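Values in this text are rule-based calculations from the coordinates and carry no lab data. Worth saying up front: this structure is predicted, and the values here are computed from it rather than measured. Here the Cβ positions follow ideal geometry from the backbone for every residue, glycine too, while neighbour counts run over all protein chains shown.
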Amino acid sequence: MADKRLGVGFIGGGFIGQFHVRSWVGVRDADIMGIVDINRDTAETAAAMARELGVGEPAIHGSITDMVADPNIDAVWIGTPNFTRIEVMEEIAEAVIGGKGELTGICCEKPLGRNVAEAKEMLELARKAELLDGYLEDQLFSTSVQRGKAIVWARGAALTGRPFLARSAEEHSGPHMPWFWEGELQGGGVLNDMMCHSVEVARFLLTEPGAPRESLNPMKVTAHTSCLKWQDPHYVEHLRSISDGKLDYASRPAEDFARGLIEYRDEEGKELIVEVTTSWCFVGAGLRLSMELLGPEYSMSINSLDAGPKVFFSRNVTGEVGEDLVEKQNAEMGLMPIVADEEGEYGYTGENRHMVQSFLAGKRPEENFSDGVNVTELLMTAYMSAEQGRTIEFPPPELDTFIPAVARGQWNPNK
Ligand SMILES: NC(=O)c1ccc[n+]([C@@H]2O[C@H](COP(=O)([O-])OP(=O)(O)OC[C@H]3O[C@@H](n4cnc5c(N)ncnc54)[C@H](O)[C@@H]3O)[C@@H](O)[C@H]2O)c1
């Protein structure tokens with residue numbers, strides 16, 4: 001496909017679909033040529049955005065099979081809610097295996113599955129359909145992470161020894177759609193939703209540039225989960241009101257705080273630590289990603305809210321509520337940061353560029369479904385640890401069939 005452009009179809013044109021559309025201005029050799037969304041208005045919005053930005057002329061398809069059959073589509077990106085993973089992937093695989101259309105590759109948003117069984121099923125279906133597979137973990141491709149890692153390893157690690165501790169956190173004030181809050185639909189709470197990023201970006205920072213994932217061996221996982229904010233009666237009522245009464249955080253909450261510690265060994269048997277913390281109860285300017293990488297004579301730190309300009313609006317500036325300064329923005333007044341290039345800073349642009357170039361070259365992306373499976377294995381071990389209140393050796397028995405209590409609607413720290 002070296003002289004060809006890649007035609008990409010999006011399944012899901014919601015929040016993340018539109019982030020991907022905006023990122024496409026920094027992606028070469030590919031156009032967004034199709035969108036499927038069960039909500040026609042959402043598909044229209046995402047398609048209009050693509051046309052306006054000049055990143056494609058997407059046709060709106062009535063089904064995944066129709067989009068796969070479109071000769072303008074060479075690859076598809078899955079950006080629908082977590083509870084649709086398997087049905088979406090099955091339809092893609094059936095369309096390809098049944099000869100309805102041809103695809104080179106497939107990309108899937110995080111998490112690859114709600115549990116290990118689902119994540120492995122995704123990998124299996126991609127293999128059966130003989131598709132190149134990309135796992136969309138954007139934070140690995142963040143401009144700050146890429147540059148920070150390269151410089152730390154080239155200067156600090158080359159002269160004084162490898163880094164031994166990586167810290168990573170993702171925090172905001174809570175998801176934008178009700179389904180994220182429902183343990184059974186999403187697969188868990190903040191641990192599943194956001195620690196998937198943190199464990200993977202921390203592992204990536206600790207891994208020598210160019211070395212495979214297997215150069216780091218996870219040995220033990222210790223985690224803690226809690227519901228610190230959203231079981232308060234006031235917030236229980238708020239969640240009920242935004243979900244037509246479906247969310248019941250008094251009796252079926254999901255964790256809004258999770259921390260984890262993963263002990264790795266490198267190929268020489270040296271101990272390395274990943275320390276992660278995530279929450280849905282951070283009320284600051286907006287989404288905050290923070291990472292640190294520490295070695296014998298150096299350290300690196302990243303805070304996404306410190307990346308760009310800051311503005312100050314006095315109390316007389318009483319504008320409308322918006323998310324124009326930063327994702328999950330909490331205020332429009334006072335001293336506020338602007339994340340000037342969110343698509344680049346969070347990693348969507350670099351991630352999509354990498355996936356497109358891998359598919360055009362006929363190569364499996366560096367971040368792929370096998371990575372997605374391993375991330376899910378670590379997260380499920382973290383849930384086991386939190387449920388049992390002890391450190392768990394990795395991999396624990398029965399990991400493949402484990403479903404966290406929160407995903408069975410049976411977790412309630414108030415009981
Ligand atoms: N990388 C990140 O940082 C990041 C951020 C947000 C979301 N995500 C992931 O992206 C996925 C989607 O999240 P979102 O925030 O965009 O959710 P969303 O609810 O805003 O959008 C999902 C869209 O999918 C559509 N949809 C639902 N079922 C469908 C189906 N069967 N076929 C076609 N369309 C369907 C909905 O109509 C909606 O427009 C989730 O898996 C989430 O974890 C990743």
Checklist outcome for this item: Within the under-13-Å Cβ sphere about Glu297, not counting Glu297, Lys/Arg +1 and Asp/Glu -1 give a net charge of +2
Next on the checklist: Bin width 10 Å, origin at 0, all Cα-Cα pairs of the chain: what percent of pairs per bin?
Outcome noted: 5, 22, 32, 28, 13, 2, 0
Next on the checklist: Starting from 0.36 nm per residue, how many nanometres of slack lie between Asp306 and Asp29 once their C-alpha separation is accounted for?
Outcome noted: 96.5 nm
Checklist outcome for this item: Everything considered on the Cα gyration tensor (a ≥ b ≥ c; rounded for a/c under 1.5, else prolate if a/b is larger than b/c, else oblate), segment 248-330 must be described as oblate
Item to check | Pairwise FRET efficiency - Leu159 versus Ser251, Cβ, R0 = 41 Å, nearest 0.05 | outcome: 0.15
Next on the checklist: Give me the net charge for the shell around Thr277: Cβ to Cβ below 13 angstrom, other residues only, Lys and Arg +1, Asp and Glu -1.
Outcome noted: -3
Checklist entry - Considering only Thr45, Leu185, Gly99, whose Cα is most displaced toward the positive end of the charge dipole of the chain, charges sitting on Cβ of Lys, Arg (+1) and Asp, Glu (-1)? => result Leu185
Checklist entry - Taking the Cα-to-Cβ direction at Thr391 and at Arg5 and moving 7 Å from each Cα, how far apart do the two end points lie in nm? => result 5.5 nm
Next on the checklist: What lysines does Lys415 reach when the alpha-carbon gap must be under 25 Å and sequence neighbours fewer than 8 apart in one chain are set aside?
Outcome noted: Lys229, Lys246
Item to check | Members of Lys149/Lys220; Lys220/Lys310; Lys149/Lys363 lying beyond 31 Å, as alpha-carbon distances in this model show | outcome: Lys220/Lys310
Checklist entry - DSSP beta bridges in the chain, what fraction antiparallel, as a percent rounded to 5? => result 55 percent
Checklist entry - Under the classification rounded if a/c is under 1.5, otherwise prolate if a/b is larger than b/c and oblate if not, where does segment 129-215 fall, given a ≥ b ≥ c as square roots of the Cα gyration tensor eigenvalues? => result prolate
Item to check | Student exercise, segment 154-271 dipole from Lys, Arg, Asp, Glu Cβ charges, in Debye to nearest 20 | outcome: 320 debye
Checklist outcome for this item: The extension gain from Phe15 to Leu53, computed as 0.36 nm times the residue separation minus the Cα-Cα distance, is 12.0 nm
Checklist outcome for this item: For segment 4-120, inverting the pair-averaged 1/r of distinct alpha-carbon atoms gives a Kirkwood value in Å of 14.1 Å
Checklist entry - Going by the alpha-carbon gyration tensor, a ≥ b ≥ c the square roots of its eigenvalues, is segment 305-415 rounded (a/c under 1.5) or, if a/c is not under 1.5, prolate (a/b greater than b/c) versus oblate? => result oblate
Checklist entry - Arg265 versus Ala405, label points 7 Å from Cα toward the beta carbon: distance in nm? => result 3.2 nm
Next on the checklist: Tell me the net charge near Gly26. Cut-off is 10 Å between Cβ atoms, Gly26 excluded, with +1 for each Lys or Arg and -1 for each Asp or Glu.
Outcome noted: +1
Next on the checklist: Can you compute the charge dipole magnitude of the chain about its Cα centre, using +1 on each Lys and Arg Cβ and -1 on each Asp and Glu Cβ, nothing else charged? Give it in debye, rounded to the nearest 20.
Outcome noted: 760 debye
Checklist entry - Which of Asp31, Asp341, Asp41 comes first, and how do the rest follow, when ranked by fewest Cβ neighbours within 10 Å? => result Asp41, Asp341, Asp31
Checklist entry - Are there any helices in the chain, counted as whole DSSP H runs, that stretch 27 Å or more along their axis by Cα and score at least -0.5 on average by Kyte-Doolittle, and if so which? => result 369-388
Checklist entry - Using +1 on the beta carbon of Lys and Arg, -1 on that of Asp and Glu, and nothing else charged, what's the dipole of segment 210-335 about the Cα centre, debye to 20? => result 320 debye
